[in-house]
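In what follows, a single structure is set out as structure tokens and then discussed.
No lab work stands behind these numbers, since they all come straight from the coordinates. Since we're looking at a predicted model, the values are computed, not measured. Here the Cβ positions follow ideal geometry from the backbone for every residue, glycine too, while neighbour counts run over all protein chains shown.
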Amino acid sequence: MTLAFHTRWLARTAIVTAAVAALPAAQAATVTLAGEHFDLVYDDTLVGLFGTPTLSGTSLFFTPAAFVTQTLNGAGLGEASASLNFRVLPHADWTLDGVSVLERGSYLLRGADSFVSASGLLRVFGVADPSSEQVAALQATAPFGLANGVAQAWTATAALAFGGTPLDGSLGYHVSFGNLLESYTESSATGPRRAYIDTGFAMIDFAVSPVPEPAAPMLMLAGAAVAGLVGRRRRG
């Protein structure tokens, strides 16, 4: 662990601690999840329909119980939405390389022109430079197209990788994910109509890696120089 990275880590931790201490008592719902290579800070009053998260390794997962929208017999458009916000604080000598989202659920369609959809945006920026925000849209792996009145499974993903355009993580990273489910049944259609969709599982994975030790090349050069000097003295 280098002194510079240790100092930056202490500075980030102090900033977060001060920010939490400055919150009014009614808002002091900040939770810190301590991971092996990073910590996550969030407000547990703002997780909404996603519910309480669990950190396992480098993945944060949710098992919502009521993230659902349903429309019946031509009632038009229904929706359910929720958003998540986290501060990611990599430990000293670790950096964030990327963030990805995996979401799973079920849907059911019955009747002509009934449809459902799942959409969302994953956003990440370095707290030291908010203008560096990177964004990825949630994409379903298959169309929501089976209108046969039978429950179907769906999966959607979103991913960001920072290798080509690294973010300034000196003060940590802000990660947000906004999610929208929609259901619709057409009023002019005949017969029973139903559009139902839910989210039963969501996972955010944080790809981290150790920062290369910047002093290593210099130590190798210094060692080579010392070896050369010793060799010359022996020959002398």
Computed about the Cα centre, the charge dipole of the range 156-216 from +1 Lys/Arg and -1 Asp/Glu charges at the Cβ has a magnitude in debye, to the nearest 20, of 260 debye
Given unit charges at Cβ for Lys, Arg (+) and Asp, Glu (-), the dipole magnitude of the range 43-195 about its Cα centre in debye, nearest 20, is 560 debye
